[in-house]
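This report concerns only the one structure given below.
The values are calculated or read from the model by the stated rules, or taken from the named source; none is laboratory data. Everything numeric in this text was worked out from a predicted model, so none of it was measured. To get the accessible areas, we keep the full protein, side chains included, count just its heavy atoms, and leave off ligands, DNA and RNA. Shrake-Rupley method; radii C 1.70, N 1.55, O 1.52, S 1.80 Å.
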Amino acid sequence: MGWQYYGLDRAAQKLVLDAKARDRQSLNQAFKMREAVAYGLERFWGEHLRLQAKEAEKSQYWKETWDVLVQLMNSAGVKIPNDLVNANQTQQVTAMAEKLWKMSLEDQRVAMAVLAQLCDCLVWWTQRYKGEK
């Protein structure tokens, strides 16, 4: 099996354009997303929950990015949990985190590498579109 194109750049461009159309302040999240990758899948996933109450548009951008990662990885044969979780339901949050931690180390590493590249693409597209009116 050779190299496979999964459309990371195209997916990132769409995420940035959609975020820009809704709320220009959300675009700053691309840089924070790229930094957050180093902390693991669970922390990246959980950031949308933290932002829900105070900054809904930013929360939505994080969640949409996570959903794209899940779709991309699914097409590569790696299943990433993506349960619908209520941020106020500690048991739901804990259960989702456990599912992420129980992924095989190999799948975690692949997902982290893809997430890092997706976020790099987000940063690139953000820089291209941020200054446009």
Margin query: Over 20 Å between Cα atoms: which of LYS32/LYS102; LYS54/LYS102; LYS32/LYS54 fall into that group?
Written below: LYS32/LYS102; LYS54/LYS102
Next item on the list: Report Rg/Rh for segment 1-59, rounded to two decimals, where Rg is the Cα radius of gyration and Rh the Kirkwood radius.
Entry: 1.04
Check: So what is the 222 nm mean residue ellipticity for the chain from helices alone, if each DSSP H run of at least 4 adds -39500 (n - 2.57) and you divide by all residues, rounding to the nearest 500 deg cm²/dmol?
Finding: -22500 deg cm²/dmol
Notebook entry, point to check: Can you tell which of MET112, MET33, MET103 shows the greatest fluctuation in a Gaussian network model of the chain with Cα springs below 10 Å?
Noted result: MET103
Note to self: I'd like to verify something in the chain: which complete DSSP H helices, judged by Cα projection on the helix axis, reach 18 Å or more and average at least 0.0 on the Kyte-Doolittle scale?
What the structure shows: 105-129
Margin query: With N set to the number of residues, divide the alpha-carbon radius of gyration of segment 27-87 by 2.2 N^0.38 Å and report two decimals.
Written below: 1.09
Check: How many percent of the accessible area of segment 54-133 is carbon or sulfur, using a 1.4 Å probe?
Finding: 51
Notebook entry, point to check: Accessible area per residue, 1.4 Å probe, Å², for the chain: what's the number?
Noted result: 60
Check: Can you pull the three principal axis extents for the Cα set of the chain, in Å, largest first?
Finding: 44, 44, 21
